[in-house]
């Protein structure tokens, strides 16, 4: 029997044991590591890329064919091509955590037709002078589909001379980002960016192969300037130009950090990024572009622009190729942004035969009710409770947060993210706990702690009236006021859902599917969400978690140029419902603060 | 009958509350007594139960709705009978703010405590607040904002009152989710209340009534 070796996995920080002589691909698969491989380890698809941190084995012929010289030099290999002979450290770019399973499935279904392409041109075959200029010859060869720019004119003579008429163009749509003499393979990298109020996420893509090289999320560096979009708008209003500049620099720096780190980890250069799609909520997009978002801050909540934007990286101070094309998909309204449009695209809501709901439960919960006929959108001011904000022991879903609670055979248990000592409780834990307390009758339908001396958990309820609280574990509790905050949050979301259904004249029974987007959504236990009344009970079996759908939509737009055009159609089709202006809103909102089954208040009158 | 009316308000039965008020009037009970012996005590209990955490916004609103129904019947008679109310309050949400649940609660609690309330509604500009102070000569002006972005209109209203020479004639109180006591002091308001029940106490205290 052969000896056992250990494979250390970065950045996951995991260890996998493998038999001496075992194939890397199968060793990783059997250890449950999410590694791509469409061909099943046959050396055909070139997707099972791993990077040897040091001491990469000599490349095989297959690898020389499927990987670029640059990648080979950086230590990239295909897992299926090598066997384990010693302890090694591998860098594996994919992680199942960043892309939800459903989302990954969806992305595989996007036809690969990126806007960014390499174009090989041979002008030596053209009769020089016939067209009157080289630029005209180029346009002739490319079928007219090219825009003239100063850098193109400046780079063209040398490239033509050095390549003896042969040149390679890096093109994003009609724009030539850069060009090189001769015919060669130039890396084409794309970056999909989602600017969230609390988190910035980016995905690095190889647009030649149509694969993801890595994904990363960081806390939004604007957080010190305010936790929600309104406080950031206030910051700009009070601080003027200087404040706007500071917020812009903070988010641009965050995006640059993501681009740099992702490139470094994937063993590529960040200036090879030539196409970027940026989605985000309207306020974040305003701040990213240095546009004063004040008008979004008060009624009638109007953004400065809504159409799709086509910009250059250098205008935005992005540390990628200076002439990289930066596209921002269109917005729907002041609170429904390019992120929602991207999510609609990712879920294909606009093509559904029957009505479906899309929920993104952030601080501003976006709700879309859509199918091929209509797209109704609204934003529900849920407040930060579902993200652990304004909750006495609340915290974001980070290491140390209680993410789930259960009652099993009379014993109360909880799960902590990353194991270890609990530091606080995050949104999914709060929803779980509240559902449990309602289920056990320790909290009544009005949201009050109710005296149940007969109940085993009653000893955990400390204090009375306004000061009552439920002890989760030492130093961590849920107070009466926390329950009130959660009631406000859930009532806002539920009221949004009911008003959209009302506008469309639909019953919940007519909804075919409910897509739950966002990091928060994937953590939630659907039963708990239904129990506290965020969603109507009859929709429970139709709930589907789709991960960060906004980022998936942005990735899809990089992979397929038609989708960017589609985004504009989606935004045009979307009807915005301003909840605050709806007559029924207050009634529906207030009725939904309770936990009794008040089904469809909006339909009652 | 007054005890029954009080109970109807507490339980949020709006139709019954209106009906009982009508019956009480027909039975010859003075409008002032109906107000002070049924509605005011009912709303006092609502306020107290909120303080104790027994009631929350929905349970407060149902009682407020019942009180509103009773007041709709009672108000004309109160005016006719010339009952002296405790004071006059003009109230509204500031410019750019459409959120009025909190403001409505405060208005109803004040009315239930025996004050005359003139509700200017939502998105009230500084100009309209000044106009209303000129026209109604209230004792108190109440402003509400639910957004940090609209809260900034509060000092504008106070400045406009000063410019019109009306600041000394009216007490200004502020409230709403993002508003704090410190903010109220900073902008030179006369008072701040964190919720509807304490707003009633605040107005009483500012006007020296009980």
query: What ranking do A:393, A:481, A:378 get, fewest neighbouring Cβ atoms within 10 angstrom at the top?
result: A:481, A:393, A:378
query: Order of A:505-518, A:189-202 by packing, highest average Cβ count within 10 Å first?
result: A:189-202, A:505-518
- request: Please tell me the relative contact order of chain B in percent, rounded to the nearest whole number, where contacts are Cα pairs under 8 Å and at least six residues apart.
  value: 19
message: Less than 15 Å from a label point 7 Å out along the Cα-to-Cβ axis of residue A:527: which backbone N atoms in segment A:398-425 qualify, by residue?
response: A:404-411, A:413
query: What's the angle, to the nearest 10 degrees (0 to 90), between helix A:427-439's Cα axis and the longest principal axis of chain A?
result: 30
- prompt: How large is the helix-only mean residue ellipticity at 222 nm for chain B, computed as the sum of -39500 (n - 2.57) over DSSP H runs with n ≥ 4, divided by its residue count, in deg cm²/dmol to the nearest 500?
  reply: -17000 deg cm²/dmol
statement: Proxy exposure order for A:292, B:52 (fewest C-beta within 10 Å first) is B:52, A:292
- line: Whole-Å distance linking the alpha carbon centroid of segment A:164-193 with that of segment A:485-516 is 47
message: Against the empirical 2.2 N^0.38 Å scaling, what ratio does the C-alpha Rg of segment B:90-210 come to?
response: 0.92
- prompt: Within 10 Å of each Cβ of B:46-52, how many other protein chain Cβ atoms are there on average?
  reply: 1
task: Report, in degrees rounded to the nearest 10, the 0 to 90 angle that the Cα long axis of helix B:57-81 makes with the longest principal axis of chain B.
output: 80
task: State, as an integer percentage, the relative contact order of segment A:351-468 based on alpha-carbon contacts under 8 Å between residues 6 or more apart.
output: 15
- line: A convex hull over the alpha carbons of segment A:467-585 yields, per residue, a volume in Å³ of 155
message: Going by Cα centres, segment B:5-58 and segment B:74-153 are how many Å apart?
response: 21
Percentage relative contact order, chain A, counting C-alpha pairs under 8 Å, at least six apart: 12
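Output the peptides A:153-161, A:169-177 sorted from most to least packed, where packing is the average of other Cβ atoms within 10 Å over each peptide's residues.
A:169-177, A:153-161
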query: For B:93, A:446, what ranking results if the residue with the fewest other Cβ atoms within 10 Å of its Cβ goes first?
result: A:446, B:93
Choice from B:61, B:25, B:146 showing the highest fluctuation, given a GNM over chain B with Cα pairs closer than 10 Å: B:25
field: With Cα atoms, 0 to 90° folded angle of helix A:562-573 axis to chain A main axis
entry: 40
- request: For segment A:288-395, just say rounded, prolate or oblate: build the C-alpha gyration tensor, square-root its eigenvalues into a ≥ b ≥ c, call rounded for a/c under 1.5, and beyond that prolate if a/b exceeds b/c, oblate if not.
  value: oblate
Exercise: per-residue mean of other protein chain Cβ atoms within 10 Å, B:93-99: 4
- line: Most packed first (mean Cβ within 10 Å per residue), the peptides B:171-184, A:240-253, A:343-356, A:405-418 order as A:343-356, B:171-184, A:240-253, A:405-418
- prompt: R0 = 22 Å: FRET efficiency of residue A:60 with residue A:4, Cβ-based, nearest 0.05?
  reply: 0.35
- prompt: Taking only DSSP H segments of four or more residues, each worth -39500 (n - 2.57), what value at 222 nm results for chain A once the sum is divided by all its residues, to the nearest 500 deg cm²/dmol?
  reply: -9500 deg cm²/dmol
message: What does DSSP give for chain A in terms of the percent of beta bridges that are antiparallel, rounded to the nearest 5?
response: 70
- line: Shielding of A:589-596 by other chains, given as the mean Cβ count within 10 Å, works out to 3
task: Could I have the simple spin-label model distance between residue B:30 and residue B:206, label points 7 Å from Cα toward Cβ, reported in nm to one decimal?
output: 2.9
- request: Could you list the square roots of 5 times each eigenvalue of the Cα gyration tensor of chain A, that is, the equivalent ellipsoid semi-axes, sorted largest first and rounded to whole Å?
  value: 46, 32, 21
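Computed from the coordinates by the stated procedures, all read-outs in this text should not be read as laboratory data. Being a predicted model, the structure only gives us computed values, none of them experimental. As a convention, Cβ positions derive from the backbone with ideal geometry for all residues, glycine included, and neighbour counts pool all protein chains shown.
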